[in-house]
1. Taking residue 108 as the residue in question, decide whether it is part of a loop (DSSP other than H, G, I, E, B), of a type outside the set (Lys, Arg) and surrounded by fewer than 16 Cβ atoms within 10 Å (Cβ to Cβ).
2. May I ask you to list the residues in segment 200-238 that are surrounded by 15 or more Cβ atoms within 10 Å (Cβ to Cβ), without any contact (Cβ under 8 Å) to a residue 40 or more places away in the chain, assigned to a helix (DSSP H, G or I) and not hydroxyl-bearing (Ser, Thr, Tyr)?
3. Restricting attention to segment 240-295, and to residues there that are in contact with a helix residue (DSSP H, G or I) (Cβ under 8 Å, 6 or more places away or on another chain) and of a type in the set (Lys, Arg), which single residue is surrounded by the fewest Cβ atoms within 10 Å (Cβ to Cβ)?
4. If I filter segment 119-132 for residues that are part of a strand (DSSP E or B) and either in the same structural domain as residue 176 (by TED's automatic domain parsing) or under 19 Å from the mean Cα position of the chain (by Cα) (or both), do I get at least one hit?
5. Run residue 74 past the list (1) free of Cβ contacts under 8 Å to residues at least 24 places away in the same chain; (2) in a loop (DSSP other than H, G, I, E, B); (3) of a type outside the set (S, T, N, Q) and report the number of the one that doesn't hold.
6. In segment 37-63, what residues are under 20 Å from residue 78 (Cβ atoms) and part of a helix (DSSP H, G or I)?
7. Looking at this structure, is residue 165 assigned by TED's automatic domain parsing to the domain that holds residue 42 and either under 12 Å from residue 36 (Cβ atoms) or not in a loop (DSSP other than H, G, I, E, B) (or both)?
8. Assuming residue 70 fulfils every condition listed in (1) crowded, with 17+ Cβ neighbours inside 10 Å; (2) out of contact with any His (no Cβ under 6 Å at 6 or more places or on another chain) apart from one, which condition is it?
Amino acid sequence: MEKIDADIQAKFASAGNILVVSHVRPDGDAIGATLGLGLALKNAGKNVQMVLNDGLPASFRHLPGSDLITKEPHGEPDLFITVDCADFKRTGKQFESYRKPDINIDHHVTNEKYGQLNLIEATAVATSAILTDHLPLWGLEINQDVAANLATGIVTDTLGFRTSNTTATSLRQMAILMDTGINMPDLYTRALVSRTFSAARYWGAGLSSLVTQDGMVYATLRLDDRKKAGYGGNDDADLINIISAIEDHTVGLIFVEQRDTVKISWRALQPGIDVSKIASFFGGGGHKAAAGADITGSMEEIQPRVLQTTREMLNL
């Protein structure tokens, strides 16, 4: 680990123009890691682009540096970094013909190690947690703005420290970030509690579709549901977290219809269940307890196939 830290620090030192990207439909950790690392590098005097293919969801626009996020890269950077992205294809179509990343930083067990340097810590609760540990080792400061972003990444990926991989280490990481003076209750509320009226209406459509079957509980969100609710995102508005709280089931799923694909999220609702292997089967990835995939095709064709495969792979 000391060698990769030294190698990353050397790359930072020699680079002037740096590009930091994460995955499509970014969650709190993708956003927190992108902004946390990007701002730390900017504060060190680097010219930094922070790019998210789908831009920034409205629920995260309060974060420091959020106005610096763009949807497209410009020019040729000296250093290309991906964060919180297990599969390089998930950075978005604009990077399909882009060069291999110089640095790949992630915590997903399914990470394909596609970078020249790969800092993968699968036991970390979030990529933002990895950065909390390593930024000081790279000579980068964690000031209050950087900390606010990293804390948001950690608290969202742990669902407020409710996931089974939460440890004393992750609580100590949060304590380090809180020592900078961030308003943790406000960040927590904005990330995990507050919802727009349109998101609540969107949830209503998903909850009304709930089905329980063979130890699985799942919901379906259609494009028309999104339109009727007036919801501007192309995700599930974190409805999967509500499904994850339903008792007496083995696995929770949500199917979100896109124009040409269906996005599926799996959550393990019992100890010892590994949903990452199911996501990997469908070309996705994630963690044992939480994973996802995007599958090309219609809901009518994909949903029965995914449910059957989930049933078979988990012996339900």
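The values are calculated or read from the model by the stated rules, or taken from the named source; none is laboratory data. None of the values given here were measured: they were computed from a predicted structure. Cβ atoms come from the backbone with ideal geometry, glycine included; neighbour counts cover every protein chain shown.
1. Numbers: part of a loop (DSSP other than H, G, I, E, B): yes; of a type outside the set (Lys, Arg): yes; surrounded by fewer than 16 Cβ atoms within 10 Å (Cβ to Cβ): no.
Here the answer is no, as residue 108 does not meet what is asked.
2. Scanning segment 200-238 gives 201, 203, 205, 225, 226, 229.
3. Looking at the filtered set, the residue picked out is 259.
4. Step one: of segment 119-132, the residues part of a strand (DSSP E or B) are 119-120.
Subsequent filtering for residues that are either in the same structural domain as residue 176 (by TED's automatic domain parsing) or under 19 Å from the mean Cα position of the chain (by Cα) (or both) retains 119-120.
There is at least one residue in segment 119-132 that is part of a strand (DSSP E or B) and either in the same structural domain as residue 176 (by TED's automatic domain parsing) or under 19 Å from the mean Cα position of the chain (by Cα) (or both).
5. Condition not satisfied by residue 74: (1).
6. 37, 38, 39, 40, 41, 42, 43
7. No: the conditions fail for residue 165.
8. (1) is the only condition that residue 70 fails.
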